[in-house]
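Asks: Can you keep this structure in mind? I'll have questions shortly.
The values are calculated or read from the model by the stated rules, or taken from the named source; none is laboratory data. Bear in mind that the values here come from a model prediction, so they are computed numbers and not experimental data. Cβ: placed from backbone, ideal geometry, glycine included. Neighbour counts: every protein chain shown. To get the accessible areas, we keep the full protein, side chains included, count just its heavy atoms, and leave off ligands, DNA and RNA. Shrake-Rupley method; radii C 1.70, N 1.55, O 1.52, S 1.80 Å.
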Amino acid sequence: MHRRVAQTAAAVLPHRASEPPWDPDWAEPVVEDPGTNAYADIGFAPMNSPVESIIASPNPQDEEDDDVEWELQNNGLYTGSYSRILLLNAFVPIFAIVIFTALALLPDLVWPIADFPSPYPSSFPFPLPEILISSAFFSFAHLLRVPVFSLASFILPPESACLTSTFIHVLVTNGLHLAALVVLQVRHTMDYPIPTCQDPAFRTVWWLSLNFAEVLAAIVQGYEQLALYRDVMVPEGRETEFLERLKSGSEPEPAPENSQQEHVTFEDGLEDARSVESRIDRGLDKLLVIKTRDELERFMAFLSSCKIPVFISCLQRFNSIFLSVGLTLLLSAAYLRSPLSLPLSDVSNQLSFLPVTDQLKVFLHSSTTSHMQSYDNSYIPFIITTPLVLLLHAILAALHTPILLPRVGVHTAAYVGVLVGIMTFFAGLAVWGALS
């Protein structure tokens, strides 16, 4: 790099020749003595221009290091310490635990409730049902990814199948979020007619949105990707040694001219066959790892997982947590506002069990029906919010597909996820009245 800068500077900057041609409009430049210093009278030491310093002191070591690293990568090797990479990536689960702890304590610290009766038995207390249901539904949606993609690939072209399966997975994920509200009967246990942070249902929805299983699966997947580089890491300072070994190993060794036949017993033949079989198995395992690593790097725009900064991995976990909380709060608030969450049939069934007269039943039913009909416009928030949530979630999911991620880049996708995650998080708090 320094060499190219020096060549460009030497070509652009004017320099004197030994005998310049005479030109009446050209004044001969005044060349100062190198020993003189124009700043000596004010106490400064002699200074050189930045271009002169670049030209005078090129650093070929950097170019040599880049060439060595490039040659190692061409041979499937990477500079760095695998144990050091694992130690640095330990910050990712620690960061996720800190975020989960802060979000778990946030409702009780910021929006406390005087009386919070648990609707669950003492043997199965809050928030264990929310955690188990959200984890189970995430696992179910996660297992459907491969079958949905296979079915879409059977019908559509590869690119269309990838985007279609991603959108179907988004539909399933958000549908399961609504199903969790139905399973836990959140609307039936609400103390307020509309969603508010003072309602115990806010705690239920909050813990449903903290999807521990999703973050845990992402962390495990990250370590599995790092494990692909366990045997291809070159310690720093030994790059040249490994290159020399590669060069010497690539040259075929000459076979001996006078080879003698040795007597091989039956047991020795079995041991040789087993050793050959084990070598073949190890070779196939290495080829499978190389193939998986190559596909992963193509998916990440030829960026190896061991070279992704830990800061970006922490941002990805931050995005998944805050995006899950924000989207779940938005979707649940729109659903709980709509009459879909509490149909008239449930109201009629509840009124039928009241020990009152028939006239009172008719009166209560008519008043409840008129009350529910007055909230018919509550369908509007659900009709508006649900497509927006699905569209936003689908766009972010599409950014992490093999079609768009190599073009966008891992860093850009992480930064976009941070902005969208924070935006949806505060929007979800706003619709629950937690910011007022």
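Asks: When the residues of segment 185-236 are filtered to those that are among the charged types (D, E, K, R), touching a residue at least 60 places away in the same chain (Cβ under 8 Å) and more than 22 Å from D294 (Cα to Cα), which remaining residue is most open to solvent (accessible area, probe 1.4 Å)?
Replies: Here the residue is E236.
Asks: Sort out which residues of segment 80-106 are closer than 15 Å to V220 by Cβ and among the small types (G, A, S), and write them in order of number.
Replies: Correct list: A90, A96.
Okay, residues lined up against (1) under 18 Å from S139 (Cα atoms); (2) not acidic (D, E):
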| residue | (1), (2) |
| --- | --- |
| S160 | no, yes |
| L171 | yes, yes |
| P193 | no, yes |
| D199 | no, no |
| V205 | no, yes |
| F212 | yes, yes |
| V215 | yes, yes |
| I219 | yes, yes |
| L226 | no, yes |
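Asks: Going by what's in this entry, would T357 be described as open to solvent by 60 Å² or more (accessible area, probe 1.4 Å), farther than 20 Å from R187 by Cα, at pLDDT 85 or above and among the β-branched types (V, I, T)?
Replies: No: the conditions fail for T357.
Asks: Find the residue count for segment 304-341, including only residues that are in a loop (DSSP other than H, G, I, E, B) and under 29 Å from E224 (Cα atoms).
Replies: Of the residues in segment 304-341, 3 are in a loop (DSSP other than H, G, I, E, B) and under 29 Å from E224 (Cα atoms).
Asks: Could I ask something else about it? State yes or no: is L178 touching a helix residue (DSSP H, G or I) at 6+ places or on another chain (Cβ under 7 Å), open to solvent by 30 Å² or more (accessible area, probe 1.4 Å) and at pLDDT 85 or above?
Replies: Yes, satisfied.
Conditions tested, residue by residue: (1) of a type outside the set (D, E, K, R); (2) touching a residue at least 40 places away in the same chain (Cβ under 8 Å); (3) open to solvent by less than 20 Å² (accessible area, probe 1.4 Å).
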{"position": "I384", "(1), (2), (3)": "yes, yes, no"}
{"position": "P387", "(1), (2), (3)": "yes, no, no"}
{"position": "T401", "(1), (2), (3)": "yes, yes, yes"}
{"position": "L405", "(1), (2), (3)": "yes, yes, yes"}
{"position": "Y415", "(1), (2), (3)": "yes, yes, no"}
{"position": "G421", "(1), (2), (3)": "yes, yes, yes"}
{"position": "F426", "(1), (2), (3)": "yes, yes, no"}
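Asks: Output the qualifying pairs, or none if there are none: Cβ atoms under 8 angstrom, residues six or more apart or on different chains, first residue in segment 78-96 and open to solvent by 30 Å² or more (accessible area, probe 1.4 Å), second residue modelled with pLDDT of 90 or more and among the basic types (K, R).
Replies: Filtered contacts from segment 78-96: F95/R317.
Asks: Restricting to segment 150-163, give me the number of residues that are surrounded by fewer than 18 Cβ atoms within 10 Å (Cβ to Cβ), assigned to a helix (DSSP H, G or I) and without any contact (Cβ under 8 Å) to a residue 40 or more places away in the chain.
Replies: Residues flagged as surrounded by fewer than 18 Cβ atoms within 10 Å (Cβ to Cβ), assigned to a helix (DSSP H, G or I) and without any contact (Cβ under 8 Å) to a residue 40 or more places away in the chain within segment 150-163 amount to 7.
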